[in-house]
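What follows is a single structure, written as structure tokens, with notes after it.
The values are calculated or read from the model by the stated rules, or taken from the named source; none is laboratory data. This is a predicted model, so every value here is computed, not measured. Reconstructed Cβ throughout: ideal geometry from the backbone, glycine too, with neighbour counts over all protein chains shown.
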Amino acid sequence: MKIPSALTPVVDYVRRHISHEMVSNERFILLLVGAGVVVLFSILFALWNLTGDMSQRLMTAKNNLARMQVEATGDAWPKRLETTQALKAQLGVRFWDAPTAGLAEASFESWIRGHFTRNGGEPQQIQITRSSAGARDGKTPATLTSVQRMTAKVLAPFDQAVAMKVLGDAAESGKIVVIDRLIVRAGVNSRMEMDISTFIRTAEPQAGGRPRP
């Protein structure tokens, strides 16, 4: 079998590096050369696909960059910043206002006692504690390090009308007031136990508040 002249350099290389017994069979040489050509084309095809994929990724990255540049130079981000600052201001005024944490406890107790009295009730005991305003996983984000949660445990005779009015006052309060727990204990002298929480922002070290009678 006559070997094509185009493959002569390859055949000479094979003859120089492979044993004489193997190169004596021209069909084997052609098969070996053909396998090499197939491998070469496979490598070139893989490189072509890789180049095309990288070109597509580059085009996508350029499009994303162009879109981000348009958004950054437009008025969308300033408007979002204004909206965020306005929302932050609205949330800020909903914290319980007081110069110190101790005064915050006193004013919160006064607020609770006043709403009970105004609605015809009289709390027997109000005990206030403070704790970290961390997330449920126990971690406190940096934005909440200066925020504390005040919780008032209120014990009072149960009166349905009084309880409903106090709950309504808490819902309509301009501050963040949360009813964490409400338990009614029936009996000759029925009573209710209510946990009411709010939030304060202070630079003072966080510490548990002392019980209040």
Next item on the list: Among the residues of the stretch 168-189, write down those that are of a type outside the set (D, E) and in contact with an Asp or Glu (Cβ under 6 Å, 6 or more places away or on another chain).
Entry: R181, I183
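Counting residues that are at pLDDT below 75 and among the hydrophobic types (A, V, I, L, M, F, W, C), which helices (runs of 4 or more DSSP H) fully inside the stretch 1-96 reach at least 3?
On the way: elements: 8-17, 20-23, 26-73, 76-92.
The helices (runs of 4 or more DSSP H) meeting that bar are 8-17, 26-73, 76-92.
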